[in-house]
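Report on the following structure.
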Amino acid sequence: MKLSDDAAMLVWMPFGERPEGDDWLRPSEGTPPDAATWQTVGHAINYAVGMMADRAAEGREPWIRSASGHIYKPAAIRVMAETFAARRI
């Protein structure tokens, strides 16, 4: 899937599994199709953080890929979410 310059793809993987090439081509199980692609990395992070507790109960954690190919691990997503929250205060 071709992403716009600022877009990001969010997938939910089982704990301990890293997404492979095909995992980025389709929404994760249980992810609504419109939740898989986001306008920006920030939007994807906000959604991922909001859903982390629900998905953790299912044994899944978020991974985000930017249009430029950067991969954000679950730990990085948590740190970025904290940074975004601190800026809002």
- Task: Enumerate the pairs (first residue in the range 42-63 and of a type in the set (Ser, Thr, Tyr); second residue anywhere and open to solvent by 30 Å² or more (accessible area, probe 1.4 Å)) with beta-carbon separation below 8 Å, excluding pairs fewer than 6 apart on the same chain, so at least 6 apart or on different chains.
- Result: Tyr47/Trp38
- Task: Please work out if Arg65 is outside any loop (DSSP other than H, G, I, E, B), at pLDDT 85 or above and open to solvent by 50 Å² or more (accessible area, probe 1.4 Å).
- Result: yes
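The values are calculated or read from the model by the stated rules, or taken from the named source; none is laboratory data. Since this is a predicted model, take the numbers as computed values, not measurements. Using ideal geometry, Cβ is built from the backbone for each residue, glycine included, and neighbour counts are taken over all protein chains shown. Surface areas here come from the heavy atoms of the whole protein model, side chains and all, with no ligands, DNA or RNA. Shrake-Rupley method; radii C 1.70, N 1.55, O 1.52, S 1.80 Å.
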